[in-house]
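Asks: Supplied in C-alpha coordinates, the structure appears directly below.
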Amino acid sequence: MKARTMARLQRTETPHTDWCARDHRCGIDTHRAPDVIADATGGRGVITRVRAGDREYAEITIRVRLDHRDPIAVRQVGLTLHLIRRLIGAVAAVRPDALTGGASRIAIGRKAA
Ligand SMILES: [Zn+2]
(Lines give C-alpha, C1' and ligand atoms only; values in the text may rest on other atoms or scores of the structure.)
Protein backbone atom coordinates (compact mmCIF):
# COMPACT_ATOMS: atom_id res chain seq x y z
CA MET A 1 0.00 0.00 0.00
CA LYS A 2 1.29 3.41 -0.93
CA ALA A 3 1.38 6.10 1.69
CA ARG A 4 0.13 9.52 0.69
CA THR A 5 2.53 12.11 1.85
CA MET A 6 0.82 15.21 0.54
CA ALA A 7 -2.78 16.24 0.31
CA ARG A 8 -3.88 17.21 -3.11
CA LEU A 9 -4.74 20.87 -3.16
CA GLN A 10 -7.10 22.30 -5.68
CA ARG A 11 -7.89 25.94 -5.42
CA THR A 12 -9.90 27.97 -7.84
CA GLU A 13 -8.39 31.29 -8.77
CA THR A 14 -10.50 34.26 -7.74
CA PRO A 15 -10.19 37.81 -9.14
CA HIS A 16 -8.70 40.68 -7.17
CA THR A 17 -11.14 42.82 -5.20
CA ASP A 18 -11.54 46.60 -5.36
CA TRP A 19 -9.68 46.90 -2.04
CA CYS A 20 -6.98 44.23 -2.09
CA ALA A 21 -3.32 45.10 -2.44
CA ARG A 22 -2.98 43.34 -5.84
CA ASP A 23 0.57 42.34 -5.07
CA HIS A 24 2.51 39.57 -3.31
CA ARG A 25 0.02 39.65 -0.41
CA CYS A 26 -2.66 38.11 -2.59
CA GLY A 27 -2.76 34.42 -3.36
CA ILE A 28 -4.67 32.30 -5.84
CA ASP A 29 -7.89 32.39 -3.83
CA THR A 30 -7.03 34.77 -0.99
CA HIS A 31 -6.88 38.54 -1.28
CA ARG A 32 -5.45 40.87 1.32
CA ALA A 33 -5.69 44.64 1.76
CA PRO A 34 -2.70 46.70 2.83
CA ASP A 35 -2.21 46.54 6.60
CA VAL A 36 -3.66 49.27 8.78
CA ILE A 37 -1.71 50.01 11.93
CA ALA A 38 -3.30 51.19 15.17
CA ASP A 39 -0.66 52.43 17.61
CA ALA A 40 -1.60 52.88 21.23
CA THR A 41 0.23 53.40 24.48
CA GLY A 42 1.61 50.01 25.43
CA GLY A 43 1.14 48.28 22.14
CA ARG A 44 0.22 48.11 18.49
CA GLY A 45 -2.47 46.47 16.41
CA VAL A 46 -2.17 45.52 12.77
CA ILE A 47 -5.46 44.96 10.96
CA THR A 48 -5.79 43.41 7.52
CA ARG A 49 -8.96 42.90 5.52
CA VAL A 50 -8.92 39.46 3.92
CA ARG A 51 -11.14 37.62 1.46
CA ALA A 52 -10.66 33.88 1.37
CA GLY A 53 -12.98 32.15 -1.04
CA ASP A 54 -16.42 33.67 -0.48
CA ARG A 55 -15.71 34.86 3.08
CA GLU A 56 -14.25 38.11 4.33
CA TYR A 57 -12.74 38.80 7.70
CA ALA A 58 -10.46 41.17 9.55
CA GLU A 59 -7.19 39.57 10.53
CA ILE A 60 -5.79 41.26 13.61
CA THR A 61 -2.35 40.92 15.11
CA ILE A 62 -1.75 42.81 18.31
CA ARG A 63 1.28 43.36 20.47
CA VAL A 64 0.64 44.32 24.07
CA ARG A 65 3.47 45.20 26.41
CA LEU A 66 3.49 42.95 29.48
CA ASP A 67 4.82 43.60 32.95
CA HIS A 68 8.16 41.97 33.78
CA ARG A 69 6.63 40.26 36.82
CA ASP A 70 5.21 36.91 35.72
CA PRO A 71 2.04 36.86 37.88
CA ILE A 72 1.08 40.25 36.54
CA ALA A 73 1.99 39.30 32.96
CA VAL A 74 -0.22 36.20 33.23
CA ARG A 75 -3.15 38.36 34.33
CA GLN A 76 -2.46 40.81 31.54
CA VAL A 77 -2.57 37.96 29.02
CA GLY A 78 -5.89 36.84 30.49
CA LEU A 79 -7.27 40.36 30.33
CA THR A 80 -6.12 40.65 26.73
CA LEU A 81 -7.91 37.40 25.86
CA HIS A 82 -11.06 38.62 27.58
CA LEU A 83 -11.01 41.92 25.70
CA ILE A 84 -10.39 40.19 22.37
CA ARG A 85 -13.48 38.06 22.96
CA ARG A 86 -15.48 41.19 23.76
CA LEU A 87 -14.15 42.92 20.65
CA ILE A 88 -15.17 40.02 18.42
CA GLY A 89 -18.59 39.88 20.06
CA ALA A 90 -19.11 43.63 19.79
CA VAL A 91 -18.26 43.73 16.09
CA ALA A 92 -20.46 40.70 15.41
CA ALA A 93 -23.36 42.30 17.30
CA VAL A 94 -23.46 45.43 15.16
CA ARG A 95 -26.23 45.15 12.59
CA PRO A 96 -24.88 45.78 9.08
CA ASP A 97 -27.61 48.37 8.47
CA ALA A 98 -26.16 50.46 11.30
CA LEU A 99 -22.95 50.79 9.30
CA THR A 100 -24.46 52.17 6.10
CA GLY A 101 -25.02 55.81 5.30
CA GLY A 102 -22.89 58.83 5.83
CA ALA A 103 -21.52 58.11 9.25
CA SER A 104 -17.95 59.25 9.61
CA ARG A 105 -15.29 56.59 9.71
CA ILE A 106 -13.25 56.06 12.81
CA ALA A 107 -9.66 57.18 12.37
CA ILE A 108 -7.52 54.13 12.93
CA GLY A 109 -4.01 55.27 12.29
CA ARG A 110 -1.79 55.03 9.32
CA LYS A 111 -1.40 52.54 6.53
CA ALA A 112 1.69 50.45 6.43
CA ALA A 113 4.09 51.06 3.60
ZN1 LIG B 1 -5.96 40.49 -4.65
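The values are calculated or read from the model by the stated rules, or taken from the named source; none is laboratory data. Here the structure is a predicted model, which is why all the values come from computation and not from measurement. As a convention, Cβ positions derive from the backbone with ideal geometry for all residues, glycine included, and neighbour counts pool all protein chains shown. Heavy atoms of the whole protein, side chains included, go into the accessibility calculation; ligands, DNA and RNA do not. Shrake-Rupley method; radii C 1.70, N 1.55, O 1.52, S 1.80 Å.
Asks: Extension gain ILE62-ALA90, at 0.36 nm per residue separation less the Cα-Cα distance, in nm?
Replies: This chain segment gains 8.3 nm when fully extended.
Asks: Tell me, what is the per residue accessible area of the stretch 1-98 in Å², probe radius 1.4 Å?
Replies: 86 Å²
Asks: Here's a follow-up. Could you please put ILE88, ILE37, ILE60 in sequence from largest to smallest accessible area, using a 1.4 Å probe?
Replies: Largest accessible area first, the residues go ILE88, ILE60, ILE37.
Asks: I want to check the label-to-label distance for ALA73 and ARG55. Put each point 7 Å from Cα in the C-beta direction and report it in nm to one decimal.
Replies: Taking the two extended label points, one gets 3.3 nm.
Asks: Considering the Cα trace of the stretch 4-96, what is its radius of gyration and what is Dmax, both in angstroms?
Replies: So, for the stretch 4-96, Rg and Dmax equal 17.6, 50 Å respectively.
Asks: Taking 0.36 nm per residue of separation and subtracting the Cα-Cα distance, what length does fully extending HIS24 through ARG44 add?
Replies: 4.8 nm
Asks: Let me ask you something else. Determine, from the Cβ-Cβ distance of GLN10 and THR100 and an R0 of 35 Å, the FRET efficiency 1/(1 + (r/R0)^6), rounded to the nearest 0.05.
Replies: So, using R0 = 35 Å, E works out to roughly 0.45.
Asks: Now for a separate question. Can you pull the accessible area of VAL36 for me, 1.4 Å probe, Å² to the nearest 10?
Replies: Surface accessible to solvent at VAL36 totals approximately 40 Å².
Asks: Related question: Considering only protein heavy atoms, with the full assembly of protein chains and a 1.4 angstrom probe, order ASP97, ASP23, ASP18 by accessible area, largest first.
Replies: Largest accessible area first, the residues go ASP18, ASP97, ASP23.
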